[in-house]
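All remarks here apply to the structure that follows.
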Amino acid sequence: MSRKPIFAANWKMNKGASETEDFIKSFLSKTQGLNLPADIVIAPPFISLPKLATLLHESNPVDNAHAIQIAAQNCSQFDSGAYTGEVSVMMLREFYVHYVILGHSERRAIFGETDAIINAKIKKARETNLKPIFCIGETLEEREAGKLEEVLRTQITEGLKDISEKDLSDIVIAYEPVWAIGTGVTASSEQAQDAHAFVRSVIADLYGTDPAAKIRIQYGGSVKPANAAELMACPDIDGALIGGAALEPQSFIEIIKNGTPV
Ligand code: PGA
């Protein structure tokens, strides 16, 4: 089963509109003519989405800009109304947003998002055909307590509750061990591969072997140019969700290049 790798830059709360413009101009000039056989996604803060959309799709529709797709870092589970501070999926669609990161451990831990909220957001995203990048992962305490599989199985089962097989085919899973996020500590390729194989087996339990073989599972957590090749060579790892190392164009490009041998 060949799955196209997908590399997504999660900028978190970094880069307003002007820094977004600097990054994109540099990224596009450095990737001109390069063959990068992967889906490339950038998730800026909400406030920078209009600038990113303009740069990628309106000012320059026929060059290599089409290679990059836009993600939001979150969305509301509601359509509209009295939800101060929230952004709806319809608003995101106006800016050519194709993906939305949901269930990130920072949203779970800092902003109290539960599996049920994440499930509601995944359903709302699918109503407008947004593709969720659905994040799951265990804390160090959970791993050390031998609860890795239990935690992942619960997050997957609850997060994907009542999601159809058809909708699943537009979902990307990101396995991100919480202890590896922003810490410089990466899971070893064995640890990552074992977790990815387990995630795929849970999808097989829920949906059958064919959807499980097709779903793309990214690894996230301190991915950098130096470790991308080894991680991406694992049979069940289909790309990466990258925070810190995707803030610089060259470093993001090196990760994609190293992770997609041609
Ligand atoms: P990191 O973040 O690459 O900085 O560890 C990954 C993520 O949080 O998605």
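Per residue, the chain exposes 44 Å² of solvent-accessible protein surface, assessed with a 1.4 angstrom probe and all protein chains in place.
For the set T31, T157, the ranking by accessible area, highest first and with no ligand, DNA or RNA atoms included, is T157, T31 under a 1.4 Å probe. A simple charge model with +1 on the Cβ of Lys and Arg, -1 on the Cβ of Asp and Glu and nothing else charged puts the dipole of region 121-174 at about 340 debye relative to its Cα centre. Over the chain, with a Gaussian network built from C-alpha contacts below 10 Å, which listed residue (K131, K224, K214) shows the highest mean-square fluctuation? Residue with maximal mean-square fluctuation among K131, K224, K214: K214.
For the options A246, A226, A180, a Gaussian network treatment of the chain with springs between C-alpha atoms closer than 10 Å singles out A226 as fluctuating the most. Once the Kirkwood radius over Cα pairs is known for the chain, the Stokes-Einstein relation at 37 °C and 0.692 mPa s delivers a diffusion coefficient of 179 µm²/s. Once the Kirkwood radius over Cα pairs is known for region 84-169, the Stokes-Einstein relation at 37 °C and 0.692 mPa s delivers a diffusion coefficient of 238 µm²/s. Within the listed set A229, A120, A145, the residue fluctuating most in the Gaussian network model of the chain (springs between alpha-carbon atoms under 10 angstrom) is A145. Computed from the alpha carbon positions, the gyration tensor of region 5-128 leads to an equivalent ellipsoid with semi-axes of 27, 15, 14 Å, biggest first.
Across q = 0.24 Å⁻¹, region 172-262 modelled as identical point scatterers on its alpha-carbon atoms has Debye log10 I(q)/I(0) values of -1.16, in the order of the q list.
Quickly estimate the mean residue ellipticity at 222 nm for the chain, helices only: each DSSP H run with n ≥ 4 gives -39500 (n - 2.57), and the total goes over all residues, rounded to 500.
-12000 deg cm²/dmol
Ellipsoid semi-axes for region 76-229, based on the Cα gyration tensor and the rule √(5λ), read 25, 18, 15 Å when sorted largest first. Ranking I237, F198, N258 by Cα position along the charge dipole of region 165-258, where only Lys, Arg, Asp and Glu carry charges on their C-beta atoms, puts N258 farthest toward the positive end.
Once you sort the root eigenvalues of the Cα gyration tensor of region 4-61 as a ≥ b ≥ c, which label holds: rounded (a/c under 1.5), prolate (a/b larger than b/c) or oblate (the other case)? It comes out oblate by the Cα gyration axes. For the chain, the fraction of 1.4 Å probe accessible surface lying on carbon and sulfur atoms is 53 percent.
The values are calculated or read from the model by the stated rules, or taken from the named source; none is laboratory data. What you see is a predicted model; the values in this text were computed from it and never measured. No Cβ is skipped: glycine too gets one built from the backbone with ideal geometry, and neighbour counts run over all protein chains shown. Quick note on the areas: whole protein, heavy atoms, side chains included, nothing else; ligands and nucleic acids left out. Shrake-Rupley method; radii C 1.70, N 1.55, O 1.52, S 1.80 Å.
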